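Below is one structure, written out as C-alpha cells; the observations come after it.
Quick note: the coordinates plus some simple rules give every number you see, no bench work behind them. Computed from a prediction, not measured in an experiment: that's the story for all the values here. Every residue, glycine among them, receives a Cβ derived from its backbone with ideal geometry; neighbour counts consider all protein chains shown.
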Amino acid sequence: MAHIIVVGNEKGGAGKSTVSMHVATALARMGHRVGGLDLDLRQRSFARYIQNRQTFCQRQEIALPMPDLHPLPEIDKASLPAGENIYDRRLSVAIAAMEKSCDFILIDCPGSHTRLSQVAHSLADTLITPMNDSFIDFDLLAHVDPDGNRIIGPSVYSEMVWNARQLRAQAGLDPVDWVVIRNRLGAQQMHNKKKIGDALEDLARRIGFRVAPGFGERVIFRELFPRGLTLLDLRDIGVKGQMNISNVAARQELRDLIKALELPGVEVDF
C-alpha cells in the first residue's frame with residue numbers, strides 16, 4: 001500500500017503548499033512514484049503549483065520529475081447509502097485509485113477545519129505540520145500563559161489529531177508519525193525563537209510529535225511558485241545566478257527535512 005503523507009494545520013501562511021511541493025518533488029526525483037491530492041477546494045495552491053510546473057515544462061520542452069496530480073472525483077449523492085458523508089466517499093475513491101500506482105500519496109490540506117481535512121488526518125501515515133516560528137502559530141498546537149512559559153492545554157487542532165489517532169487505532173492501523181516543522185525561520189538567534197523551541201520540545205513530549213527543521217525565510221520560494229519549480233530544479237534548468245549561498249543553504253534545509261521525516265524506503269541522494 002502507498003505511504004500517505006498529509007501536510008496540514010488550521011492556519012494559513014505557514015508554507016504548507018511549498019512544503020508539499022518540495023517533499024513530493026524530492027521523492028519523485030529519487031525515483032518514487034508520487035501522487036498528489038489538493039483538498040483545499042477553494043484556493044488549490046498545491047494543485048496550481050503542479051499545474052505551473054506542467055506549463056513550464058511544456059513551454060521549455062523539458063521533463064522534470066513531479067507528482068501525479070489527481071482530482072477529487074465527483075460522486076452522485078444518489079449512489080450513497082444512508083448516513084454516508086459524500087466527502088468521505090470522494091476521498092476514499094481518490095485514495096483507492098492512487099494506491100494502485102503510487103509509492104507515496106501526498107495530501108495537502110486547507111488552512112481551516114473541514115470534513116475532508118479531518119478524514120485525511122485519520123489516513124495519514126506521516127503527518128507534517130508546518131508552523132511559523134511565533135507564538136501566534138504555536139497557538140495552533142497548544143495554549144500558553146501570557147508569558148509564554150507554561151502550557152495550559154492542547155488546541156483544537158491537537159485535539160483533532162488526537163481523534164484521528166484514535167480512529168487509526170480502532171481500525172488496527174499503525175500510529176501516525178506526527179512531525180511539526182518550524183518554517184520561515186529567521187537567521188538571528190532571538191530570545192523569542194529560543195522560547196518557542198523550548199515550548200515545542202516540551203509539548204512534543206506531552207502530546208507525541210517530533211520536531212524537525214523546516215525552511216528559512218527566503219525570497220526564492222516566492223519566485224519559484226509561478227514557474228512551478230523547486231530548489232532541486234535550479235541546476236537542471238541552467239538558470240544562471242540562482243545558486244547563491246542562500247539557495248545552497250535552502251537545498252540543505254530540504255535535504256535535512258527529508259532525512260528527518262524518516263520515510264520508508266527513502267535514501268536521500270541529492
The chain: Lys pairs at Cα distance under 30 angstrom, eight or more positions apart or on different chains: 16
So for segment 41-123, averaging the separation of alpha carbon pairs under 8 Å that are six or more residues apart and normalising by length, what relative contact order in percent results? 24 percent
Would you mind calculating the gained length between ASP202 and GLN54 on full extension (0.36 nm times residue separation, minus the Cα-Cα distance), in nm to one decimal? 49.0 nm
Looking at ASN9, MET66, GLY83, which one has the Cα that reaches farthest to the positive end of the dipole of segment 1-89 (charges on Cβ: Lys, Arg +1; Asp, Glu -1)? MET66
Residue-wise HN-Hα coupling along segment 21-35, computed from phi with Karplus coefficients 6.51, -1.76, 1.60 (Hz; x: Gly, Pro): 5, 5, 5, 4, 5, 4, 5, 5, 5, 8, x, 8, 8, 10, x
To make sure I understand, if each residue's beta carbon is the centre and we count other beta carbons within 10 Å, what order do TRP178, TRP162 fall in, fewest to most? TRP162, TRP178
Please arrange ASP68, ASP202, ASP103 by counting, for each residue, the other beta carbons lying within 10 Å of its beta carbon, fewest first. ASP202, ASP68, ASP103
Could you please state, rounded to a whole Å, how far the C-alpha centre of segment 146-180 is from the C-alpha centre of segment 201-270? 25 Å
Please report, in debye to the nearest 20, how large the charge dipole of the chain is about its Cα centre when each Lys and Arg carries +1 at its beta carbon and each Asp and Glu carries -1 there. 540 debye
Within segment 197-270, list the trypsin sites (Lys or Arg not before Pro) lying in a DSSP loop whose Cβ has at most 11 other Cβ atoms in a 10 Å radius. LYS240
Computed label-point distance, nm, for sites ARG42 and ASP139 using a 7 Å Cα→Cβ extension: 1.9 nm
Radius 11 Å from Cβ of LYS16, net charge of other residues (Lys, Arg +1; Asp, Glu -1): -3
Dipole magnitude of segment 36-118, debye to nearest 20 (Cβ charges: Lys/Arg +1, Asp/Glu -1, about Cα centre): 240 debye
So ASN244 and ARG115, fully extended at 0.36 nm per residue minus their Cα-Cα distance, gain in nm 42.2 nm
Inter-probe distance in nm under a simple model that places probes 7 Å from Cα toward Cβ, at ASP174 and ILE152: 3.8 nm
Given 14 as the ceiling on other Cβ atoms within 10 Å, longest exposed-site-free region of the chain for GluC sites (Glu not before Pro) in DSSP loops: 85-216
